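Okay, structure first, notes after.
The values are calculated or read from the model by the stated rules, or taken from the named source; none is laboratory data. Small disclaimer: the values here were computed from a predicted structure and weren't measured. Cβ coordinates were reconstructed from backbone atoms using ideal geometry, including for glycine residues, and neighbour counts include every protein chain displayed.
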Amino acid sequence: MIEALPAKGIPGEQVLAELRELRAADLPTHGGRLFAYVYDPDLDGLDELARAAHAISAAVNGLDPTAFPSLLAMENALVGAAARLLGGDHHTVGSVTGGGTESLILAVKAARDAHPDIATPRLVVPSTAHAAFAKAAHYLRVALDVVPVGADLRADPAATAAAIGPDTVLVAASAPSYAHGVVDPIPQLAAIAAERGVRFHVDACFGGWVLPYLRRLGAALPDFDLSVAGVTSISVDLHKYAYAPKGVSILLHRDEALRLPQYFAYAGWPGYTMINPVISSTRSGGPIAAALATLRSIGDAGYLDLAARTREAVSVLAEAVTATPGVRLFAPPETSVVCLASGDDPDGVDLFVLADELAARGWHTQPQMAFGEMPATIHLTVTAAVASTTGQFAADLADAAAQARARGPAELPAPLLTAAAALTPEMVTPELIGGLAEGLGLAGGDFSRMAAVNSLLNAAPPALREALLTGFLSLLQRPAAATE
Ligand SMILES: Cc1ncc(COP(=O)(O)O)c(C=O)c1O
């Protein structure tokens, strides 16, 4: 436990030592062993450079670019680079946001506010679209129309066309989707939206900085950016495949008129007139300076090289999955994701047990729950740093799968299963969550053996899973008691 407000300030050295101790409990952000959350280019000196750049601009406030022209210059430079990478032209404009979710919320806000006449604006997305669209719809009171994807895991153009109605203000799709790493048929979808006079957003938050380079390296991927007619906006996160520190994404619009309703302006109070292009008002220049330093340090040729390493790593990992009994590739490994499912044969392993076995060998993957017709899968976000570890991963995957097969499916205590089967979201209380956490061995904060928990969550309908995990997070997020 750490005291955030000690009676007397304590020396900086000690504070830093405490922070390092806290960080030691985290999953490894570097070294290519964590296949979600982090993006590691494995480039010497890059972290130090980004930190130094962050420090130079940390105190700058993005609230007012006329007071801090340095930030305006940096943002315009980043937006310009993104526009050139993603098929923009001299009409393209954009904003620097704090992350992918913020970029998507703003794309939806711009589309909604372009139609003040529509009482219940609607957003059409494929079922594989990132959850941030559901969040945007929820926050902005926009109705969400989710269109099932085809058997190829891609947005279905005909079904999308059928879902567009007079109140649709935005259609969106992914390039690529996070869960499976496949690219939706953007040209067809954008044409359909354009024909109906509806905006079309490409969520390239995840892969927008690696797809152009994969294409240059010869990957057979469809056009997906502003060069496609009908695409009105696109988002790309610099804190993903541009390898910038957390806190920077870019939202581009085809032209100024499309961006205008994204702004929030308010002069109806006695203080300063507030004009915000993004959700935050006060925001630090640190992440923006760090992103600029990262882009300038790596450069176009550097990103091509990182994409080549990523591509090679994806192909080795995909081969390893194919060669491992009990698992199979669930999605074509066409971008920077390897997504695996349990094998169809009777030897198929329990994926949640496999994830635990991999974690025990130092590989941290991301289990994904079954969804509709789709089985549970394991997601691997592959970054350039993974290239140097693929051989070891392949060996450990074979070993972990054999062990998972020997162990069989995760076992849940029978009383817990019976109780869980009768649960509804309304029955989830803090007491129930406390009891469940205790019963599943989570109360001590050890999350390394999660197969039983994941099996339980996988069996829960989505609304119950949401309630259980919300309750659990709320249980974790408690004010620390005062210490000496
Ligand atoms: C396709 C896609 N869109 C949006 C997001 C949301 O990004 P963030 O976590 O930066 O808010 C993600 C994050 O993984 C993503 O993969």
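What pairs come out if I take residues in segment 92-117 that are without any contact (Cβ under 8 Å) to a residue 60 or more places away in the chain and pair them with residues that are in a strand (DSSP E or B) and within 13 Å of the ligand (Cβ to nearest atom) whose C-beta lies under 9 Å away, six or more apart or interchain?
The qualifying pairs are T101/S249.
Give segment 155-177 a look and list any residue that's in contact with a helix residue (DSSP H, G or I) (Cβ under 6 Å, 6 or more places away or on another chain), aliphatic (A, V, I, L, M) and either more than 16 Å from the ligand (Cβ to nearest atom) or more than 19 Å from S233 (Cα to Cα) (or both), or say none.
Residues satisfying the conditions are A161, V169.
Residues of segment 126-149 being touching a residue at least 24 places away in the same chain (Cβ under 8 Å) and within 11 Å of the ligand (Cβ to nearest atom), which ones?
Correct list: T128, A129, H130, A132, F133, K135, A136.
So, E357, is that one among the charged types (D, E, K, R), surrounded by fewer than 20 Cβ atoms within 10 Å (Cβ to Cβ) and more than 19 Å from V210 (Cβ to Cβ) or not?
no
Right, R196: more than 13 Å from the ligand (Cβ to nearest atom), more than 19 Å from the chain's Cα centre (by Cα), among the charged types (D, E, K, R) and modelled with pLDDT of 95 or more or not?
When the stated conditions are applied, R196 passes them.
Residue by residue through segment 411-449, note down the ones that are in contact (Cβ under 8 Å) with a residue 40 or more places away in the chain, within 16 Å of L464 (Cβ to Cβ) and surrounded by 14 or more Cβ atoms within 10 Å (Cβ to Cβ).
If the condition is that a residue be in contact (Cβ under 8 Å) with a residue 40 or more places away in the chain, within 16 Å of L464 (Cβ to Cβ) and surrounded by 14 or more Cβ atoms within 10 Å (Cβ to Cβ), then L412, L416, A420, L423, P425, V428, I433 are the ones that fit.
For the condition modelled with pLDDT of 95 or more, buried (at least 21 other Cβ atoms within 10 Å of the Cβ), β-branched (V, I, T) and more than 11 Å from the ligand (Cβ to nearest atom), what is the one hit in V236, V210, V248?
Step by step, each of V236, V210, V248 is checked, and only V210 is modelled with pLDDT of 95 or more, buried (at least 21 other Cβ atoms within 10 Å of the Cβ), β-branched (V, I, T) and more than 11 Å from the ligand (Cβ to nearest atom).
When you scan segment 215-230, do you find a residue that is on the phi > 0 side of the Ramachandran plot, within 16 Å of the ligand (Cβ to nearest atom) and touching an Asp or Glu at 6+ places or on another chain (Cβ under 8 Å), even just one?
no
Just one of the numbered conditions (1) in contact (Cβ under 8 Å) with a residue 24 or more places away in the chain; (2) more than 22 Å from L295 (Cβ to Cβ); (3) not in a loop (DSSP other than H, G, I, E, B) is not true of V183; which one?
All conditions are met except number (3).
Which residues, taken from segment 327-366, are in a loop (DSSP other than H, G, I, E, B), touching a residue at least 40 places away in the same chain (Cβ under 8 Å) and farther than 22 Å from L457 by Cα?
Hits for segment 327-366 are A331, P332, P333, E334, T335, S336, D347, G362.
Okay, residues lined up against (1) in a loop (DSSP other than H, G, I, E, B); (2) closer than 27 Å to V210 by Cβ:
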residue	(1), (2)
H30	yes, yes
Y37	yes, yes
A55	no, no
T66	yes, no
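Have a look at D47, D42 and point out the one that is of a type outside the set (S, T, N, Q) and assigned to a loop (DSSP other than H, G, I, E, B).
D42 is the lone residue from the list that is of a type outside the set (S, T, N, Q) and assigned to a loop (DSSP other than H, G, I, E, B).
Which residue pairs have Cβ atoms closer than 9 Å, lie 6 or more positions apart in sequence or on different chains, and pair a first residue in segment 159-176 that is modelled with pLDDT under 95 with a second residue that is more than 16 Å from the ligand (Cβ to nearest atom)?
Matching pairs, first to second residue: none at all.
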